[in-house]
Structures are given as structure tokens and as C-alpha cells.
Amino acid sequence: MKILWIIPKWTLPAIDGARVATERLIRNTIEAGAVVDVLCLAQKDEVVDLDLMKATWNTNDIKVLRRELPSGDFKKALYYIKSLLINPFTPITFSSYTRSTLKQEIQNSIKDTEYDIMLFDCLHLGAPFIENGKLIKPKSVKKIVYRAHNLEADIWKKYVTEENNFLKKAFLYYQSKLMFKWESIIANASDGIAAIANEDLKDLESISPNSKFKFVPLGLDFNSPLDYSNNIQTQLLFVGRLDWAPNKEGLKWLLTIIWPEVLKTRKDLILNIVGSGNRDWLSSFKGLKNVVFHGFVTDIKDMYKLSDFTLAPIKFGSGTRIKVIESYAFGRNIISTKMGAQGSGLEPSDFILCESVQDWIDKLNSLKLNDKYKTLSKNTNLKLGDIYDEVHVGFEFHFWLKTLL
């Protein structure tokens, strides 16, 4: 079975949840027996290392095509405004994927190779193949598989409900409708849809009733949980891409409302914030006591080893948060909302559940690492390991892909 696996950004090093999820699944699907060509639609300034990827994944072939997307908020805003004026019926976040030059480059790069499966590793990767409201499958491809990280239209709907400005609300509403339309086009053109979260399957089935579905969770290694560092202070860790809206809004909520109240009682709590992506918005919180901003770190394991607990104050979104699974793979309990733990398979008794502002304040005020929490992290590690073991996930995914042919 030969797969053309299309990814939206350079995956190595795996510095965020999406990259970690993709890296583990590709590597273990290849180890299960698939022959994989990778097509990366990288941004123009991304640094790539073809030799590293080939050595890490044992891929058959790797091609990199560049998307034109400016860096910096101001330039990016101008780019999206221009895209909206030129292509008003295309979701603005799809703009860099639908340029005619890129679409032609993609077609030229794959036309001479036969593939059993073309796999979109996120919704946006179907956009270059859409013409006049239909997704056109290349002649060299037998089947299309869409790997659904989340429900994109749902995220836009959340923006709508939280926006008070009428003009912004109208714009966001229009974008949510466009996103749902394009999400439906891509889902209905897919022979198979692999959902990261079980909770998303029902909605995806209603969008595309004729596709075949599979729950393909995030795969990680659960065999080497870390020892604790015997900290004098209680060390907390927030890790995630800092410009992804659910992470950004959740962390902002924590820092603005909860953290100042907690510090009135707990002088020994330290919050470590780690993540890639644009984090300029955090500058207004630089004066907060007992908060350490690490930015991007090369080895996330060091931060987990330092921590006693991790945090996921997520208020909206879909899919599965890799940090929830990763936290227990490293042997750390996570303090999370229900939404933060969504898609993980965790019951409220498996993690430290906090929903309201007062829940968070009360829990953080009383939080201490003890034998109860060490036992909880051990038990949850074992439970999640049965579901999310990366080798098992890769084998099951490979087997399901073969059933589509």
C-alpha cells in the first residue's frame, strides 16, 4: 500500500501537539508496513531538513512546496483582507493553500506516481483540490483519507458567540458558514475519515454519511513515566501552542482571573509556561509573580521533569489536546476543564477536574503533591497506555487503511 501523506508544516522537530501527533502516526504507520511519500506544504520561511525526516521516518520520498503566508500580525492581517476581497467565498485561513501557483505545483508533483491513498493530515490540505465547489481527486490516486484533528467550523462558531462587536460578529459568522461548507466538501469527498477524538465522530458522520470512519487517537510512548523532582515549591506547567485560540484564551483566563487570587494564599506555587507560536500577547502578563515564561524549549521532557502538575484551562475547541495525553505519558497529573480533557477517554475520576473560576481557585489553593496524586497519575498512565500506545495506534491505522482499498 502506497500513501501520499500531505502535511501542512514541517514536522521535525515536533514542537507542538499537531506535530507530535503527526510524527508518531507517520513513523508507526510506516513501521506497520506502509510505503509513504510525504508532501509538505510548508510556509516560505520554514527551515526543513530532508535527511532528518528520511532517517526518522524511513519515508520513500519527501517533497516540499512553499505556501506564501506573511509573518507578523500586521502583514498577515493585510494578506487576509486582500484574500477576502479577491476570493470572498474561500475561508480566509485556506487562502495560502488555494493560490493557483501552489495548486499547479501540487498537481505536477504527484501526477507521475500512482498512490493507493492520498491522506490530508488536517482539513486545510483538501483546499488545493477544490474547484467550483467540488474536490477533484487526482487521476493517480485511488482513495482519499481525511485525518480530522478537530471540527474547524465549531471553533469559528465559538468565536461568534463570544464576540460583541456587531461587524466582527457578522464577519466571524460568515467565516463559520464558509468553513462548514468547505469542511463538508472535503469530508464528503473522502473515502475514509480518521478522527482524533471519538466525540467528533458523530458530527463527522452527520456531515459525510457515506464515508467510512475510524477513531485514530494520538499515539505516544507510555512505558517511561518520569520520576518526580522533589520540589520545595509546587511546580505547575502549561504547555501548548501559544497562538492557538483555545490555548490562548484559556491561558489568558487563568492569568487574568485565577492566578492573582491564588497568589493571595499560595506563595509557593510556580507556573511555568512553555510553547511555540506567536506569544507577543503574553507581554502584558510579564509582571505577574511566580510565573516563568520559557517560550519554546528544545526538550519538553525537561519541563515535565521539573513539574508536579500540568494545566489545561481550555474553554472551547474540539479534537483531542495532545498535552492531556502527553502529561500522563510522562507521569504527571493534569488539572483540566471537561473541554480540556475532551477526546482523551478520561473520566472525571482519572484527572483533576476544575470547571468554574472558584473550582480552579480552591483546587490550586489546596494543591500539594502527595501519594494520592502519585497513585492517580500511575493508574491513569496505565489506562491511557492501553488506548494510546503509539505502536498499537499505527498498526490499527495501517490495517484500517487497507480495508478502504
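The values are calculated or read from the model by the stated rules, or taken from the named source; none is laboratory data. The shown structure was predicted, so the numbers you read here are calculated from the model rather than taken from an experiment. With ideal geometry, Cβ positions are generated from the backbone for all residues, glycine too; neighbour counts draw on all protein chains shown.
Suppose the filter is modelled with pLDDT of 90 or more, of a type in the set (D, E) and either crowded, with 18+ Cβ neighbours inside 10 Å or within 17 Å of the chain's Cα centre (by Cα) (or both); does E249 pass it? It is true that E249 is modelled with pLDDT of 90 or more, of a type in the set (D, E) and either crowded, with 18+ Cβ neighbours inside 10 Å or within 17 Å of the chain's Cα centre (by Cα) (or both).
Restricting I26, I15 to those that are crowded, with 22+ Cβ neighbours inside 10 Å and either outside any strand (DSSP E or B) or polar (S, T, N, Q) (or both) reduces the list to I26. Count of region 59-87 residues, restricted to those that are over 21 Å from H124 (Cα atoms) and at pLDDT 90 or above, is 2.
Here I258, I232, I270 are screened, and the one residue that is closer than 21 Å to L369 by Cα, aliphatic (A, V, I, L, M) and at pLDDT below 95 is I232.
The rows are residues; the columns are (1) in contact (Cβ under 8 Å) with a residue 24 or more places away in the chain; (2) among the aliphatic types (A, V, I, L, M).
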position: G133; (1), (2): yes, no
position: K143; (1), (2): yes, no
position: D154; (1), (2): yes, no
position: K169; (1), (2): no, no
position: L172; (1), (2): no, yes
position: S176; (1), (2): no, no
position: W182; (1), (2): yes, no
position: D191; (1), (2): yes, no
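In this entry, G340 passes the filter for residues that are in the same structural domain as K267 (by TED's automatic domain parsing), crowded, with 17+ Cβ neighbours inside 10 Å and at pLDDT below 95.
Among residues of region 93-112 that are on the phi > 0 side of the Ramachandran plot, none has a Cβ under 8 angstrom from a residue that is of a type in the set (S, T, N, Q) and surrounded by fewer than 16 Cβ atoms within 10 Å (Cβ to Cβ) at a sequence gap of 6+ or on a separate chain.
Residue-wise test of (1) touching a Phe, Trp or Tyr at 6+ places or on another chain (Cβ under 8 Å); (2) in a strand (DSSP E or B); (3) among the acidic types (D, E).
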site	(1), (2), (3)
V145	yes, yes, no
N150	no, no, no
Y173	no, no, no
W182	yes, no, no
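Regarding A312, is this residue buried (at least 23 other Cβ atoms within 10 Å of the Cβ), touching an Asp or Glu at 6+ places or on another chain (Cβ under 8 Å) and not assigned by TED's automatic domain parsing to the domain that holds K76? No.
Within the bounds of region 372-379, is there any residue that is in contact with a helix residue (DSSP H, G or I) (Cβ under 7 Å, 6 or more places away or on another chain), part of a helix (DSSP H, G or I) and not assigned by TED's automatic domain parsing to the domain that holds S344? Looking for residues that are in contact with a helix residue (DSSP H, G or I) (Cβ under 7 Å, 6 or more places away or on another chain), part of a helix (DSSP H, G or I) and not assigned by TED's automatic domain parsing to the domain that holds S344, one finds none in region 372-379, hence no.
Every residue, every condition in (1) surrounded by 18 or more Cβ atoms within 10 Å (Cβ to Cβ); (2) modelled with pLDDT under 95, yes or no:
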| position | (1), (2) |
| --- | --- |
| F120 | yes, no |
| F129 | yes, no |
| K137 | no, no |
| K142 | no, no |
| Y146 | yes, no |
| N150 | yes, yes |
| T161 | no, yes |
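When region 230-259 is filtered for residues that are part of a helix (DSSP H, G or I), out of contact with any strand residue (DSSP E or B) (no Cβ under 9 Å at 6 or more places or on another chain) and not acidic (D, E), the ones remaining, listed by number, are A245, P246, K248, K252, W253, T256, I257, I258. Mind checking which pairs have a first residue in region 252-268 that is assigned by TED's automatic domain parsing to the domain that holds S283 and a second that is among the basic types (K, R), Cβ under 8 Å, 6 or more apart or different chains? Within 8 Å, the pairs are W253/K315; L263/K289. Would you confirm, using the coordinates I've provided, whether D112 is in a helix (DSSP H, G or I) and either of a type in the set (S, T, N, Q) or surrounded by fewer than 16 Cβ atoms within 10 Å (Cβ to Cβ) (or both)? It is false that D112 is in a helix (DSSP H, G or I) and either of a type in the set (S, T, N, Q) or surrounded by fewer than 16 Cβ atoms within 10 Å (Cβ to Cβ) (or both).
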